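Peer 1: A single structure is presented below for examination.
The values are calculated or read from the model by the stated rules, or taken from the named source; none is laboratory data. Nothing here was measured: the structure is a model prediction, and the numbers come from that model. No Cβ is skipped: glycine too gets one built from the backbone with ideal geometry, and neighbour counts run over all protein chains shown. Quick note on the areas: whole protein, heavy atoms, side chains included, nothing else; ligands and nucleic acids left out. Shrake-Rupley method; radii C 1.70, N 1.55, O 1.52, S 1.80 Å.
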2 protein chains.
Amino acid sequence: MKLGSLKGGRDGHLIVVSRSLDRYVSAEEVAPTLQAALDDWPTAAPRLQQISRALDAGQRTDAGELDFEALASPLPRAFEFLDGSAYLPHVERVRRARGAEVPETFYTDPLMYQATSAGFLGPRDPVPVASEEYGIDFEAEVVVVTDDVPMAVSAENAAGGILLVGLVNDVSLRNLIPQELAKGFGFLQSKPRSALSPVLVTPDELGEDWRDTVLHLPLHSHLNGEWFGSPNAGEDMQFNFAQLVAHAAKTRPLAAGTIVGSGTIANQDTAVGASCLAEKRVLEIIADGKPTTPFMSFGDTIRIEMLNAGGENIFGTIEQVIQRYES
Amino acid sequence: MKLGSLKGGRDGHLIVVSRSLDRYVSAEEVAPTLQAALDDWPTAAPRLQQISRALDAGQRTDAGELDFEALASPLPRAFEFLDGSAYLPHVERVRRARGAEVPETFYTDPLMYQATSAGFLGPRDPVPVASEEYGIDFEAEVVVVTDDVPMAVSAENAAGGILLVGLVNDVSLRNLIPQELAKGFGFLQSKPRSALSPVLVTPDELGEDWRDTVLHLPLHSHLNGEWFGSPNAGEDMQFNFAQLVAHAAKTRPLAAGTIVGSGTIANQDTAVGASCLAEKRVLEIIADGKPTTPFMSFGDTIRIEMLNAGGENIFGTIEQVIQRYES
């Protein structure tokens with residue numbers, strides 16, 4: 001099934017969306033919000049599945065036409081977002097550009113940071129940024145949403161805690177990163193609010209494309225309407241989602257509704273393009289000694305989406321414009 | 001007024017607690033949970049204040065006797081926790097112990113990291129840790145809880161966004177920190193779940209002890225029943241809470257209920273003791289070349305509390321035992 005949230009209130013209103021992404025029905029009878037459904041998933045999930053089946057069978061005459069502009073983030077706010085960096089080609093290139101080695105541990109111990117979860121932009125909301133000098137970038141990633149996961153869970157058991165799958169545009173302010181990371185405490189100002197995909201889906205929606213908690217499909221990014229990249233999320237992922245969830249839960253339980261991110265999708269094959277500007281610039285630095293592609297400007301647009309083998313859009317399209325923020 | 005939460009459900013049940021911390025009444029008529037009250041503070045606050053006044057005047061015959069064991073964290077889960085490190089003596093000592101300089105920018109640009117907020121331990125809950133080898137430590141800090149705060153707010157305007165004040169035991173796993181920070185992405189496994197004080201209070205409860213968004217009182221820590229430290233939270237705080245909130249909000253708005261922490265309270269005067277074991281060990285390293293005080297073991301207890309000039313306990317006492325976690 002595919003779940004989303006209509007705008008309204010701080011947590012939106014939970015809806016079930018048709019597989020074809022064109023119709024929806026309210027799920028209010030099951031839970032007012034997606035977080036409420038996740039808080040009581042064993043009860044809520046079968047009832048939501050029932051609505052989903054009836055909707056896809058054309059049996060819900062009360063179904064409305066889906067307007068993507070009316071969608072909030074499926075989780076307008078969440079209690080935890082832990083973002084990994086599981087695609088080593090991304091890490092390797094970024095390090096190579098500055099002449100640094102990739103530590104051996106990076107191949108056995110996932111990179112992951114505590115990200116902001118207090119507010120996710122809607123999938124069509126503008127991205128407000130105060131200054132172009134911040135070095136505005138997008139990052140196209142896959143995310144999962146977990147159930148309650150016990151502390152110190154094994155990767156094997158963590159797989160069962162994955163309830164939903166989606167996409168994220170993890171907005172990054174590149175020029176704030178070096179200074180912030182140099183302080184040693186990780187990202188904060190350099191990672192503003194991000195946007196999840198219009199819907200999150202249960203793994204069964206992905207069929208054979210979801211194997212071993214890895215999503216085996218290309219993720220497409222278009223910048224200002226032009227193709228930017230389609231790296232395959234199923235290739236070069238050093239740690240699968242079960243391993244990422246287990247890493248996140250090593251010393252703390254995860255609460256229902258925790259979001260765990262894959263990191264920017266990147267493949268060894270550079271012909272497939274990239275999922276963020278930083279990486280394209282890194283390839284330019286490696287090739288020419290300096291980057292030629294600028295970061296994003298006010299008015300620039302980014303589109304992120306994933307299609308299955310049949311060409312069907314799975315999660316809906318993230319489509320955002322960078323907007324000057326005036327305080 | 002003083003607000004807390006009784007255990008029950010994922011978000012607890014909001015209560016108003018008497019100034020003397022011995023009685024309480026349910027605030028269900030105003031909001032089911034503290035987060036719900038924060039979500040609608042302009043409406044909820046005056047009604048909660050009214051309950052508080054009646055309770056302190058002895059006019060609530062329905063008041064119950066407060067049992068600290070029955071308390072959940074005032075915010076059992078929150079959407080954001082941004083923890084600063086505003087007491088420079090702490091930073092200076094830790095760096096001095098390893099022969100490193102404190103960068104000049106640390107005096108003008110706050111240190112702050114994105115912390116976990118998905119679950120706070122109750123004020124009397126044990127702290128579950130899988131291994132003593134992790135180097136278990138407490139950190140006694142002051143926190144504030146904010147209203148909605150706009151992105152890029154000035155420090156002056158940020159002051160008005162501070163709604164509640166409390167304490168936190170920011171549990172730290174010291175032996176996991178070097179390896180984790182070396183990866184460059186900040187704390188994650190080294191910072192498990194923390195515990196807030198039994199109640200959070202509005203700044204007016206603090207009277208003249210709350211000046212310029214700094215809390216001017218000593219914070220007392222007792223380890224295994226013995227005095228450990230009483231540094232004054234009003235001394236050596238390099239950045240006040242308004243500045244910390246403004247730092248947190250530079251590139252993103254803060255949502256109602258965001259927790260901003262001061263960092264471990266530490267004074268230049270070492271005679272007042274410390275607010276974490278790491279700092280005591282650093283002083284031992286500086287004096288003797290090696291630490292003699294061990295980190296915490298299973299069964300060790302920590303007590304954290306703040307008294308006003310009249311000797312009254314303001315926030316209630318955080319009192320926790322370290323417990324072996326078996327998965």
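Peer 1: If each label sits 7 angstrom from Cα along the C-beta direction, how far apart, in nm, is A:Asp40 from its counterparts in the other copies?
Peer 2: Distances to the matching label points in the other copies: 2.0 nm.
Peer 1: Ordering B:Arg211, B:Arg324, B:Arg281 by how much accessible area each has at a 1.4 Å probe, largest first, what is the list?
Peer 2: B:Arg324, B:Arg211, B:Arg281
Peer 1: Follow-up question, since we're still on this one. Among the trypsin sites (Lys or Arg not before Pro) within the range B:28-100, which fall in a DSSP loop and have no more than 14 other Cβ atoms within 10 Å of their own Cβ?
Peer 2: Those satisfying the criteria are B:Arg98.
Peer 1: Buried accessible area between A and B (1.4 Å probe, both chains summed, ligands and nucleic acids excluded), in Å² to the nearest 100?
Peer 2: 4800 Å²
Peer 1: With chain B treated as a Gaussian network of Cα nodes joined by springs under 10 Å, which of B:Lys183, B:Lys280, B:Lys250 yields the largest mean-square fluctuation?
Peer 2: The residue that fluctuates most here is B:Lys183.
Peer 1: How far apart are the A:Gln59 label points across copies, placing each 7 Å from Cα toward Cβ, in nm, shortest first?
Peer 2: 5.8
Peer 1: Consider the operator that turns chain B into chain A: which B residue has a Cβ nearest its axis, and what is that gap in Å?
Peer 2: Of all Cβ atoms in B, the one closest to the rotation axis yields B:Gly186, 1.
Peer 1: How many percent of the accessible area of chain B is carbon or sulfur, using a 1.4 Å probe? All intermediate terms of the calculation are to be shown ahead of the outcome.
Peer 2: Working: 5560 of 11850 Å².
Ligands and nucleic acids excluded, carbon and sulfur give 47 percent.
Peer 1: Running a GNM on chain B with Cα contacts under 10 Å, which residue among B:Phe295, B:Phe228, B:Phe185 ends up with the highest mean-square fluctuation?
Peer 2: B:Phe185
Peer 1: Hey, what number do you get for chain A at 222 nm if only DSSP H runs of n ≥ 4 count, each worth -39500 (n - 2.57), divided across all residues, to the nearest 500?
Peer 2: -5500 deg cm²/dmol, from helical runs alone.
Peer 1: While we're looking at this one, here's another question. Compute, for B:Trp210, the solvent-accessible surface of its heavy atoms (probe 1.4 Å) with the complete set of protein chains present, and express it in square angstrom to the nearest 10.
Peer 2: Using a 1.4 Å probe on the heavy atoms, I get roughly 40 Å².
Peer 1: For each pair in A:Lys191/B:Lys183; A:Lys183/B:Lys183; A:Lys2/A:Lys250; B:Lys183/B:Lys290, compute the distance between the two Cα atoms and list the pairs where it is over 19 Å.
Peer 2: A:Lys2/A:Lys250; B:Lys183/B:Lys290
Peer 1: Counting other C-beta atoms within 10 Å, and keeping those with at most 11, which DSSP coil GluC sites (Glu not before Pro) do you find in the range B:28-73?
Peer 2: Those satisfying the criteria are B:Glu28, B:Glu29.
Peer 1: Taking the solvent-accessible surface of protein heavy atoms with a 1.4 Å probe, what is the per residue accessible area of the range B:188-327 in Å²?
Peer 2: Normalised by residue count, the accessible surface of the range B:188-327 is 36 Å².
Peer 1: Among the GluC sites (Glu not before Pro) in the range B:223-327, which ones are in a DSSP loop with at most 12 other Cβ atoms within 10 Å of the Cβ? Mind listing them?
Peer 2: B:Glu312, B:Glu326
Peer 1: Where in chain B are the DSSP H helices whose C-alpha atoms run 18 Å or more along the long axis and whose mean Kyte hydropathy is at least -1.0? Mind dumping the intermediate values first?
Peer 2: On the way: long enough: B:41-56 (22 Å, -0.48).
Span-like helices in chain B: B:41-56.
Peer 1: All other residues with a Cβ under 13 Å from the Cβ of B:Asn240 taken together, and with Lys, Arg as +1 and Asp, Glu as -1, what is their net charge? Could you put the intermediate results ahead of the total?
Peer 2: Numbers: positive: B:Arg211; negative: B:Glu156, B:Asp212, B:Glu235, B:Asp236.
Charge balance near B:Asn240 sits at -3.
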